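Structure, as structure tokens:
The values are calculated or read from the model by the stated rules, or taken from the named source; none is laboratory data. Bear in mind that the values here come from a model prediction, so they are computed numbers and not experimental data. Cβ placement follows ideal geometry from the backbone for every residue including glycine, while neighbour counts extend to all protein chains displayed. When the accessible area is computed, the model is the full protein with side chains, heavy atoms only, and any ligands, DNA or RNA have been set aside. Shrake-Rupley method; radii C 1.70, N 1.55, O 1.52, S 1.80 Å.
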Amino acid sequence: MQALKKPYIQANPPYLRVWSIYDVDRPYCDYEKGEFHRSAVLAWEDANLPPPSWASVNRENGHAHLVWGLSAPVLVDGLGARDAPLRYLCAIEALFRALLGADPGFSGLITKNPAHPLWRTLRGPSAFYELWELADALPNIEKFVPKRGRVEEVGLGRN
């Protein structure tokens, strides 16, 4: 219950990726000034990606955290971690980050709490996606899957 009162939360437990989170910092649209560029919350649509499970938007500047839920969470560290799903997730997240224009330095550990009134939260049609559903929207995903033992090069490492 305490977490619901906080503006930021840690959505993923340690060693497990349940939510794939991206920080998109496009400037806010100001229609009164004649600025009609697309806001961060629509970055997924511009990139032809499936709708996020939720998007939490900063009401003041329009920056957003776009979040996709994984129906089968991926163990990213520990004794039971398997290389194949981890490499697949690395490739998906690297391409999503690039297509969304998301912050490459954002680790995805802490996110805007979708239940907090500080943010405007939009919910997508699907709460959770299979990895193949996310990968299906990506061009040539196979060539981006890192080789065995090289997952740290795409921002999601075992250590």
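Residues in the stretch 95-134 that are part of a helix (DSSP H, G or I), closer than 15 Å to Arg17 by Cβ and among the hydrophobic types (A, V, I, L, M, F, W, C): Phe96, Leu131, Leu134. Could you list all residues from the stretch 86-117 that are under 17 Å from Val57 (Cα atoms), among the β-branched types (Val, Ile, Thr) and within 11 Å of the chain's Cα centre (by Cα)? Matches in the stretch 86-117: Thr111 only.
Scanning the stretch 1-20 for residues that are hydrophobic (A, V, I, L, M, F, W, C) and more than 17 Å from Pro85 (Cα to Cα) yields Met1, Ala3, Leu4, Ile9, Ala11. Scanning the stretch 55-85 for residues that are without any contact (Cβ under 8 Å) to a residue 60 or more places away in the chain, open to solvent by less than 20 Å² (accessible area, probe 1.4 Å) and either closer than 13 Å to Pro114 by Cβ or of a type in the set (S, T, N, Q) (or both) yields Ala64, His65, Leu66, Val67. Is at least one residue of the stretch 63-77 modelled with pLDDT of 95 or more and among the charged types (D, E, K, R)? Taking every residue of the stretch 63-77 in turn, none turns out to be modelled with pLDDT of 95 or more and among the charged types (D, E, K, R). Mind listing whichever residues of the stretch 48-62 are part of a loop (DSSP other than H, G, I, E, B) and modelled with pLDDT of 90 or more? Within the stretch 48-62, Asn48, Leu49, Pro50, Pro51, Pro52, Ser53 qualify. Considering (1) modelled with pLDDT of 90 or more; (2) closer than 19 Å to Thr121 by Cα, the lone condition that Tyr28 does not fulfil carries the number (1). Right, Glu45: open to solvent by 50 Å² or more (accessible area, probe 1.4 Å), over 24 Å from Phe128 (Cα atoms) and at pLDDT below 95 or not? In short, no.
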